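The values are calculated or read from the model by the stated rules, or taken from the named source; none is laboratory data. These numbers come from a predicted model, not from an experiment. Please note: Cβ atoms are built from the backbone with ideal geometry, for glycine as well, and neighbour counts cover all protein chains shown. Accessible surface areas use protein heavy atoms only, side chains included; no ligands, DNA or RNA. Shrake-Rupley method; radii C 1.70, N 1.55, O 1.52, S 1.80 Å.
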Amino acid sequence: MHLAILMTNTDESAFAQRHPKDGEKFTRLIQMARPDWRTTVFAVKDGEFPQDLFDFDGAMITGSPASARSGAAWIAQLLELIRGAHARHFPLFGACFGHQAIALALGGSLDRNPAGWVHGLTRNQLLYRPDWAAGLPDEIKLYGSHSECVSTLPESATALSESNGLNTGFTLGRHIFTTQHHPEMTRDFIIALSEEMRDELGPAVHARALNSLAERSDQHAFAECLARFFERSAR
């Protein structure tokens, strides 16, 4: 299987240069479960889009510090691409920004997180279990970092998970799967990111994040779930 990675991460800081880029992270994630699958990365945040997305077997939309509500030209183009993919039932997975962009493109809405930053290891209650999610625990632990949330789901979407009363993932048909969190992040990376964002997070959120990282995420189980999603939704 050959997947497109639509890379939306606008962080070009010195910190970002010291760590693997999102294309590498998402490739590593899917190859945990399917080592022979191929990926091609498109820096859509720089206006680099696939000539024909439908040449691929599916696509993954990454996270980003950008807001899907910003109105940037590349975001408008991405939202239109999402709508076109949905119309053709093309398999799409979105993480964090990707989750929010898919929701917004298809008629949902976004808002600020009521309690501010969510950062560190998150605990998410599974609300719905498609056949491809059979291996996920009832409480899914994933690393997260976001200050916005999906407040209204697109029409016909099914809530997949929630945390502290907020939606953290949804499905739509057999071809769309999202998570508000970052299954591609390793524990070492989220620790480093927590230190980088210490001032932005504030003392309380930073301390809570570090305490949460005593436990590990369900990354491997999620990778298998993601691979099965693409296998089940393949046209």
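Miscellaneous remarks
- Residue in segment 78-98 that is out of contact with any Cys (no Cβ under 6 Å at 6 or more places or on another chain), farther than 16 Å from T171 by Cα and open to solvent by less than 10 Å² (accessible area, probe 1.4 Å) present: yes
- Strands (runs of 3 or more DSSP E) contained entirely in segment 1-76, each with at least 1 residues that are open to solvent by 40 Å² or more (accessible area, probe 1.4 Å) and either of a type in the set (V, I, T) or within 22 Å of Q100 (Cβ to Cβ) (or both): 38-42
- Of the strands (runs of 3 or more DSSP E) that lie entirely inside segment 116-235, those containing 3 or more residues that are under 18 Å from L29 (Cα atoms) span 139-146, 176-179.
- Restricting attention to segment 7-30, the residues that are touching a Lys or Arg at 6+ places or on another chain (Cβ under 9 Å) and either under 16 Å from P183 (Cβ atoms) or among the small types (G, A, S) (or both) total 5.
- Qualifying residue in segment 187-206 (condition: polar (S, T, N, Q), open to solvent by less than 20 Å² (accessible area, probe 1.4 Å) and modelled with pLDDT of 95 or more): yes
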